[in-house]
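The values are calculated or read from the model by the stated rules, or taken from the named source; none is laboratory data. This structure is a prediction, so every number in the text was calculated from the model and none was measured. Cβ placement follows ideal geometry from the backbone for every residue including glycine, while neighbour counts extend to all protein chains displayed.
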Amino acid sequence: MRIIDAHTHPVMFKRGLTRPEVDRLVKHGRKLGVETMIGLGDVLLYGRSFTAEQIVEVNDDSAKVQAMYPDYFRFFCFLNPRLGEKAVMREVERCVDKYGFIGIKLEICNNARDACMKPVMEAARRWKLVVLQHSWSQINIRQRSFHTDPADTATLARRHPDVPIIMAHLTGCGVRGVIEVKDLDNVTVDTSGGLADEGLLEYAVENLGVGRIIHGSDLPGRSIGVSIQRVLGARLSAAEKERILFSNAARLLKLG
Amino acid sequence: MIFDVNCYLGTWPFSLVPEMSADQLAKQLARAGVDAAAVSPLAAVFQPEPMPANRALFAALRGKRRFVPLPVVNPALANWKEQLEECAAAPGVRAVRLYPNYHDYRLTRRTLRPFVDALEHHRLRLVITARIEDERHRYFALRIKGVPVADLAAFLKANPGTVPLVTGLSVNEAPQLAAVCENFLADISYQENVELAAMLRGKLSTSRLMFGSLAPLVSVAAQTGKLSAPDFSAAERRRIAFTNAARFFSIPHADRR
């Protein structure tokens, strides 16, 4: 079965940048059937307050990995929306024009409902990019001033219905997260997150429709073997598994 | 062959996962390639004393050769000796499980010394549950955290002759505990990384690790994916999947295919 891993961090805290490390990751991915990895950058390298220079550094590191295996990796442009419209537009333009990045990645620099998201979404609209928003239930974490709850991702999607959004981390968002975005057709959910709660993937398929779920591992902290088996072991048809593991991401991200 | 050391019967009140019979659980495990398991009762987490849940477990697993009953004892209750004696007398029991954080006692408690002596007397092994549920995803009103590493370390140092299996240690906790104590084993239910073996190498030997899934609350198939990590040798994979657990639970050699 063909597989796209739509949520990976090939470089994390500067590890994964060397040729042998990248070779090893690609070999492992290919062995498990992953034919394309979507890289999202070293998004926690400087905590949650990246300067413009640090953002450039992270995206340049992503580009280095992409250059080693241009047919295997496609990257999203990591942004700090708090840096403002000018910095956001400049970095998106640079990453799209220079590196061919295909999406925008947002982590924990701010909450997705903040006003600083407006230029980010405008950039996504202008360059026709998908926005992947880190999302995790804040009921127990309680960091909502900068950490996005699924309800906040839903707010973002409601404000920008013409921008395709990936709500990251099905497990972190849980049943409540699925319910939050149920009526928002511009939101797709990736399967990454913590331990694979039994039945949650089937619940998401039942409530969102299979077309709105894509496979992601969140490596290196998580395992590709686990994320793939989560899908393959689910009570879903072969056609549904194929869509989650490959076709949905291929269509959303316009991958050949 | 895969043996699951962290498996349950019963329901978790904050989960949509339906209750399963032992046969249904066996089928679910088999579908994911898991051959056998040590099974504990989830009801013992919440009920005021564990024996009714243990008795239901013994009845449910009677005659089920795939399963080793792993009953729960609450040593903070005055009747812990009776609990232990009844568990030790039940067919197939080779170990007992503790839920310290769910039963509101600390592993530094004085009564645990005679409890450990009694375990030795009954020739029972010990399983300590560091956590079942990821604290980030728990029910909002259930303010229960994992067992602190410091408490586990204090217990292990106070009982150097005991080598318990600790289930549910997080990615950070297992190496922290291993840095200060050698007399414990751990399951991999919460251990995950794209290069799991490399992450654990030098911190926790595969001779001390066992496969645990947290079934039926967590996808067993997903958990078995950890065994496909690229950097485990075939021998290491066998140890984690089966051999270490077989030794711990005294599974007869003939069954060790």
>> Which count do you get for residues in the stretch B:203-239 that are within 13 Å of chain A (Cβ to nearest Cβ), crowded, with 20+ Cβ neighbours inside 10 Å and either under 30 Å from A:Asp23 (Cβ atoms) or hydroxyl-bearing (Ser, Thr, Tyr) (or both)?
In response: 12
> Does the stretch B:166-181 contain at least one residue that is without any contact (Cβ under 8 Å) to a residue 60 or more places away in the chain, under 26 Å from B:Thr111 (Cβ atoms), among the β-branched types (Val, Ile, Thr) and surrounded by 18 or more Cβ atoms within 10 Å (Cβ to Cβ)?
Replying inline: yes
> Somewhere in the stretch B:41-61, is a residue over 19 Å from B:His122 (Cβ atoms), of a type in the set (Gly, Ala, Ser) and touching a residue at least 60 places away in the same chain (Cβ under 8 Å)?
Replying inline: no
>> Only one of A:Arg235, A:Arg251 is more than 8 Å from chain B (Cβ to nearest Cβ), free of Cβ contacts under 8 Å to residues at least 60 places away in the same chain and part of a helix (DSSP H, G or I). Can you tell me which?
In response: A:Arg251
> Can you name every residue in the stretch A:211-230 that is touching a residue at least 12 places away in the same chain (Cβ under 8 Å), within 12 Å of another protein chain (Cβ to nearest Cβ) and part of a helix (DSSP H, G or I)?
Replying inline: A:Ile224, A:Gly225, A:Val226, A:Ser227, A:Ile228, A:Arg230
> So B:Val166 fits all but one of (1) part of a strand (DSSP E or B); (2) modelled with pLDDT under 90; what number is the exception?
Replying inline: (2)
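Inside the stretch A:1-17, can you point out the residues that are more than 14 Å from every other protein chain (Cβ to nearest Cβ) and over 19 Å from A:Gly225 (Cβ atoms)?
Scanning the stretch A:1-17 gives A:Lys14, A:Leu17.
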> Name the pairs: first residue in the stretch A:22-48 and of a type in the set (Gly, Ala, Ser) and surrounded by fewer than 23 Cβ atoms within 10 Å (Cβ to Cβ), second residue part of a loop (DSSP other than H, G, I, E, B) and modelled with pLDDT of 95 or more, Cβ to Cβ under 8 Å, at least 6 apart or on different chains?
Replying inline: A:Gly33/A:Arg2
>> Suppose we keep only residues that are surrounded by fewer than 20 Cβ atoms within 10 Å (Cβ to Cβ) and in contact (Cβ under 8 Å) with a residue 60 or more places away in the chain within the stretch B:13-30. Which one would you say is farthest from the other protein chains (Cβ to nearest Cβ)?
In response: B:Pro13
>> Let me confirm something: among A:Val131, A:Val175, which residue is within 28 Å of A:Gly225 (Cα to Cα) and within 14 Å of chain B (Cβ to nearest Cβ)?
In response: A:Val175
> Just checking, which of A:Ser62, A:Ser137 is modelled with pLDDT of 95 or more and assigned to a loop (DSSP other than H, G, I, E, B)?
Replying inline: A:Ser137
